[in-house]
Amino acid sequence: MPRPKNKTELLDISKMNFEALMSFIESMSQKEQNQEFPKGTMNRNFRDVLMHLHHWHLMMLEWYTIGMRGEKPEMPAKGYTWKSTPELNKWIWEKYSDIRLEDAMENVNSSYNKVRDIIAKHSNEELFEKKRYKWTGTTSLGAYLISATSSHYDWAIKLIKKAKN
């Protein structure tokens with residue numbers, strides 16, 4: 001899937017990938033939806049994958065809120081660095097290990113829509129101009145949003161398909 005280069009592509013590709021992911025999950029039987037993936041991945045089922053996406057949406061929303069106030073958000077999360085994201089992802093996995101799949105689907109849908117609203121309210125320039133916002137450093141707001149949406153959904157689809165084969 002190509003990397004979005006403007007607002008329209010970001011909205012379209014993130015929506016397409018998100019809907020493809022959700023449709024793929026919904027196309028399976030209840031039994032298949034709740035089966036464990038083969039050993040070898042930390043995210044062991046659909047719930048794990050969806051809650052991983054949901055929590056990264058929540059982190060993106062927090063970075064955005066703090067950053068747009070003119071403050072510097074702790075990224076990726078308090079107590080973690082970009083190099084320690086495997087530990088952060090393990091913490092996310094543990095945090096949501098007892099949630100039901102139905103709740104995971106509701107949560108990820110809700111947080112997806114909130115991130116999508118952020119994309120929709122910004123202009124192309126606001127999204128894709130590098131160094132526009134102090135909190136995004138040398139990159140653009142769009143780059144963070146791509147990582148939290150279209151690229152992440154693409155990762156989830158590939159992980160699930162690999163686990164199901």
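Being touching a residue at least 24 places away in the same chain (Cβ under 8 Å) and either in contact with a Cys (Cβ under 9 Å, 6 or more places away or on another chain) or surrounded by 14 or more Cβ atoms within 10 Å (Cβ to Cβ) (or both) is the filter here; which residues of region 125-140 pass it? Explain how you work it out, then say what you get.
Of region 125-140, the ones touching a residue at least 24 places away in the same chain (Cβ under 8 Å) are 127-128, 133-136.
L127, F128, Y133, W135, T136 - these are the residues of region 125-140 that are touching a residue at least 24 places away in the same chain (Cβ under 8 Å) and either in contact with a Cys (Cβ under 9 Å, 6 or more places away or on another chain) or surrounded by 14 or more Cβ atoms within 10 Å (Cβ to Cβ) (or both).
Which residue pairs have Cβ atoms closer than 8 Å, lie 6 or more positions apart in sequence or on different chains, and pair a first residue in region 74-101 that is polar (S, T, N, Q) with a second residue that is assigned to a helix (DSSP H, G or I)?
Here the result reads N89/H52; S97/D48, each pair linking region 74-101 to a residue that is assigned to a helix (DSSP H, G or I).
Here are the criteria: (1) in contact with a Leu (Cβ under 8 Å, 6 or more places away or on another chain); (2) at pLDDT 95 or above; (3) of a type in the set (S, T, N, Q); (4) more than 20 Å from F18 (Cα to Cα). Tell me which single one T85 does not satisfy.
Going through (1) in contact with a Leu (Cβ under 8 Å, 6 or more places away or on another chain); (2) at pLDDT 95 or above; (3) of a type in the set (S, T, N, Q); (4) more than 20 Å from F18 (Cα to Cα) one by one, T85 breaks only (1).
Can you work out which of the residues in region 104-122 that are of a type in the set (V, I, T) and within 26 Å of Q33 (Cα to Cα) is surrounded by the most Cβ atoms within 10 Å (Cβ to Cβ)? Before you say what the answer is, go through the steps one by one.
Taking region 104-122 and keeping what is of a type in the set (V, I, T), we get 108, 115, 118-119.
Cutting the leftovers down to within 26 Å of Q33 (Cα to Cα) gives us 108, 115.
Values: V108: 25, V115: 22.
If we take residues in region 104-122 being of a type in the set (V, I, T) and within 26 Å of Q33 (Cα to Cα), then V108 is surrounded by the most Cβ atoms within 10 Å (Cβ to Cβ).
Yes or no: region 70-80 includes at least one residue that is of a type in the set (D, E, K, R), part of a helix (DSSP H, G or I) and more than 17 Å from G142 (Cβ to Cβ).
Kept after step one, since they are of a type in the set (D, E, K, R), are these residues of region 70-80: 71-72, 74, 78.
Now drop any that are not part of a helix (DSSP H, G or I), which leaves none.
Checked against the condition, which is being of a type in the set (D, E, K, R), part of a helix (DSSP H, G or I) and more than 17 Å from G142 (Cβ to Cβ), region 70-80 yields no hits at all.
Which condition breaks for P4 when tested against (1) assigned to a helix (DSSP H, G or I); (2) in contact with a Leu (Cβ under 8 Å, 6 or more places away or on another chain)?
So the condition that P4 fails would be (1).
So M105 ticks every box in (1) farther than 26 Å from L141 by Cβ; (2) touching a Pro at 6+ places or on another chain (Cβ under 6 Å); (3) aliphatic (A, V, I, L, M) but one. Which box is left unticked?
(2)
Here's the yes/no breakdown for (1) more than 20 Å from L58 (Cα to Cα); (2) of a type in the set (S, T, Y):
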{"site": "E106", "(1), (2)": "no, no"}
{"site": "D117", "(1), (2)": "no, no"}
{"site": "E126", "(1), (2)": "yes, no"}
{"site": "K130", "(1), (2)": "yes, no"}
{"site": "W135", "(1), (2)": "no, no"}
{"site": "T138", "(1), (2)": "yes, yes"}
{"site": "W155", "(1), (2)": "no, no"}
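Looking at region 21-54 only, could you name the residues that are assigned to a helix (DSSP H, G or I), of a type in the set (K, R) and under 14 Å from A104 (Cβ atoms)?
As a first pass, look at region 21-54 and keep what is assigned to a helix (DSSP H, G or I): 21-26, 30-34, 46-54.
When the remaining residues are screened for being of a type in the set (K, R), the result is 31, 47.
The answer is R47, and nothing else.
The values are calculated or read from the model by the stated rules, or taken from the named source; none is laboratory data. What you see is a predicted model; the values in this text were computed from it and never measured. With ideal geometry, Cβ positions are generated from the backbone for all residues, glycine too; neighbour counts draw on all protein chains shown.
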